[in-house]
Amino acid sequence: MPNRIRRRRIAMMPPMEGYKPFGIPMRELESVNLLFEEFEAIRLADYENLTQEEAAEKMHISRPTFTRLYEKARKNIAKAFIEGKAIIIRGGSYITENYWYKCHSCNETMVTLKPAQHCRKCDSDNIIQINKPGNST
């Protein structure tokens, strides 16, 4: 019987929702999904230059699990580059230590320590929570 999928700890929200090839309208593109935890694996290994062991520890997962996430992320990014597809960053099995919100009125992305009811930029209540804060179980 396979182990249950544990949520992976994400320390930082991606600064964007995705990428697309230059000069092609989004409506004409197919897309590849990159999970939040795959983005985090790329960030830790390639941007922060951590070893896979160090990155796995930060994400509260085993090193083999980190390797699988990292390889899947690299394949998705390569597929998007080679086939001219957009990359959409969303979804996955993850947890965070804070709350992430997106305001649909002004497009502001907020990270807070406590739950929010209004956008801090435009004071709109048209915000949605885009993460799952909490402790690993």
Just checking, how many residues over the range 4-23 are buried (at least 17 other Cβ atoms within 10 Å of the Cβ), under 18 Å from A56 (Cβ atoms) and of a type in the set (A, V, I, L, M, F, W, C)? 1
Scanning for something more than 23 Å from K20 (Cα to Cα), of a type outside the set (S, T, N, Q) and out of contact with any Cys (no Cβ under 6 Å at 6 or more places or on another chain), does the range 79-95 turn up at least one residue? yes
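Identify, from the list E53, E38, the residue that is over 23 Å from A78 (Cβ atoms) and not in a loop (DSSP other than H, G, I, E, B).
Values: E38 fails: over 23 Å from A78 (Cβ atoms).
None of the others qualify; the one that does is E53.
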Can you list the strands (runs of 3 or more DSSP E) found entirely within the range 70-137 that contain at least 3 residues being of a type in the set (V, I, T) and in contact (Cβ under 8 Å) with a residue 60 or more places away in the chain? 86-89
When you look at F39, is it at pLDDT 95 or above and within 15 Å of N131 (Cβ to Cβ), yes or no? yes
Collect the residues in the range 12-33 that are modelled with pLDDT of 90 or more and closer than 17 Å to K102 by Cβ, keeping them in residue-number order. G18
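Looking at the range 46-54, is at least one residue in contact (Cβ under 8 Å) with a residue 40 or more places away in the chain and surrounded by 14 or more Cβ atoms within 10 Å (Cβ to Cβ)?
Scanning the range 46-54 turns up no residue that is in contact (Cβ under 8 Å) with a residue 40 or more places away in the chain and surrounded by 14 or more Cβ atoms within 10 Å (Cβ to Cβ).
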Verdict on E17 being without any contact (Cβ under 8 Å) to a residue 40 or more places away in the chain and charged (D, E, K, R): no
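The values are calculated or read from the model by the stated rules, or taken from the named source; none is laboratory data. Owing to the predicted nature of the structure, the values given are computational and were not obtained by experimental measurement. Heads up, the Cβs are rebuilt from the backbone with ideal geometry, glycines too, and the neighbour counts pull from every protein chain shown.
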